[in-house]
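Heads up: the structure comes next, in structure tokens.
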Amino acid sequence: MVGNVAATAGWWGVVWWWGWSWWVVLVGVPLAVVSARTAFLGHDAGHRQIAGSARVNRWWGLAFGNAMLGMGYGWWNDKHNRHHAHPNEVGRDPDVGEGVLAWTRSQAAGRRGAAAWVVAHQAALFFPLLLLEGVNLRVGSVLFLRGRPLRTRVVEGGLLAVHAVGYAALVLVLVLVGPVKGAVLVAVHQGLFGLHLGSAFAHNHKGMAMPAPGERWDHLRRQVLTSRNVRGGLVTDWLLGGLNYQVEHHLFPSVPRCSLRRVQPLVRAHCARVGLPYCEAGAVESYRAALAHMHGVGAELRA
């Protein structure tokens, strides 16, 4: 966590030092990478992986999410907890709910006009659309505060405002030549942040089993059959924030990500004993499966 904060401050220091040159917009790339690391730490806090106290974890989540990223910790926790309780279950998992994209053919059938065109070509549009995910996360965070208790609005909304003011100051003041260069830097930073974060989550459940309406699985099957692991070593662990151990993470969400590698052999062996399929794929193979599912959902609209 100290390294992440130091890296964030360090790259903004490079922006200040290099602000006179248009080459400064390239700093948006490492800024996006460290922002994704910050999001992974907020995810850890949401699952109470960092501290023994729920209150301490919440404050870490507010620090990483609201203050450093402008992404609401409360909104993320609410949405993510519902996902963990019912992964890939339409009507209960918000990650496969109605939105710009469609995850089932019944969702696709209801689209008309431009929305239908997007779903028909959603496999090709998926990664380009992730460039807007950073904006989407922030909009969702603000909308979540409507109707929330006053204390929540003050604390979370206040920290979101602190982030917005601080981010604008860093871009418009430290980039010495002014707003145009700052706007390009913001576009690179936020676009690649959304792409990186969305790509890390794309492996996890897309193209995996989806419970039919009314179908009820026990906890083991609900979490294992809907999740996919990504093979790899320490670099993969770092790039994906431990989410490459998605099966283990869903079974034991409060286990710190640094321990998931040790949990994996136990889970894999248990699944083999009970005859439960355990899905593990390479990064390219997992993306291929996810995009193939999305392509299939839009088949009738293309026809």
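Here, each number is a calculation from the coordinates, and none is a lab measurement. This structure is a prediction, so every number in the text was calculated from the model and none was measured. Using ideal geometry, Cβ is built from the backbone for each residue, glycine included, and neighbour counts are taken over all protein chains shown.
Run the numbers on segment 2-302 and let me know its relative contact order in percent, using alpha-carbon pairs under 8 Å that are six or more apart.
Reported relative contact order: 25 percent.
Can you figure out the FRET efficiency of Ser259 with Ala212, using R₀ = 30 Å and their beta-carbon distance, to the nearest 0.05?
Values: r = 34 Å, r/R0 = 1.13.
Efficiency at R0 = 30 Å is approximately 0.30.
Which residue fluctuates most in the GNM of the chain (Cα springs below 10 Å): Gly97, Gly214, Gly157?
Gly214
Binning at 10 angstrom from zero up to the longest distance, how are the C-alpha pair distances of segment 2-302 distributed in percent?
6, 25, 33, 25, 9, 1, 0
Between the DSSP loop rule and a limit of at most 13 other Cβ atoms within 10 Å, which trypsin sites (Lys or Arg not before Pro) in segment 135-167 are left? Each step should come with its number before you reach the end.
Details: sites: Arg138, Arg146, Arg151, Arg153; in loops: Arg146.
For trypsin sites (Lys or Arg not before Pro) across segment 135-167 that sit outside H, G, I, E and B with at most 13 neighbouring Cβ atoms in 10 Å, the list reads Arg146.
Pick out which of Ser254, Ser199, Ser53 has the largest mean-square fluctuation in a Gaussian network model of the chain, springs linking Cα atoms closer than 10 Å.
Ranking Ser254, Ser199, Ser53 by mean-square fluctuation puts Ser53 first.
Kindly express, to the nearest 10 degrees and within the range 0 to 90, the angle between helix 28-46's C-alpha long axis and the longest C-alpha principal axis of the chain.
Helix 28-46 sits roughly 60 degrees off the main axis of the chain.
From the helices alone, meaning DSSP H stretches of at least four residues, give me the mean residue ellipticity at 222 nm for the chain, per-run term -39500 (n - 2.57), in deg cm²/dmol to the nearest 500.
Details: 16 runs with 198 residues, N = 303.
Rounded to the nearest 500, the figure is -20500 deg cm²/dmol.
Quick one: helix 283-297 against the long Cα principal axis of the chain, what's the angle to the nearest 10°, folded into 0 to 90?
Its long axis makes an angle of about 70 degrees.
Kindly express, to the nearest 10 degrees and within the range 0 to 90, the angle between helix 2-18's C-alpha long axis and the longest C-alpha principal axis of the chain.
With both axes taken from Cα atoms, the answer is about 50 degrees.
Could you check how many percent of all C-alpha pairs in segment 168-303 are farther apart than 24 Å? Intermediate results must be reported in sequence, preceding the final value.
Details: 4218 of 9180 pairs.
Tail of the P(r) past 24 Å holds 46 percent of the pairs.
At 0.36 nm per residue, and after removing the present C-alpha to C-alpha distance, how many nm does the segment from Glu300 to Thr104 gain when stretched out fully? Please report the intermediate quantities before stating the final value.
Numbers: separation 196, 0.36 × 196 = 70.56 nm, distance 1.15 nm.
Contour length minus the Cα-Cα distance gives 69.4 nm.
Under a plain spin-label model, where a point goes 7 Å from the Cα along Cα-to-Cβ, how far apart in nm are Ser53 and Met1?
Going from the Ser53 label point to the Met1 one covers 1.1 nm.
Pick from Leu101, Leu62, Leu170 the residue whose mean-square fluctuation is largest in a GNM of the chain, springs joining Cα atoms under 10 Å.
Fluctuation is largest for Leu170.
Scan around Glu280 for amide H atoms under 5 Å from its own, H built in the peptide plane at 1.01 Å from N, and keep only partners 5 or more places away or cross-chain.
Here Asn229 satisfy the definition.
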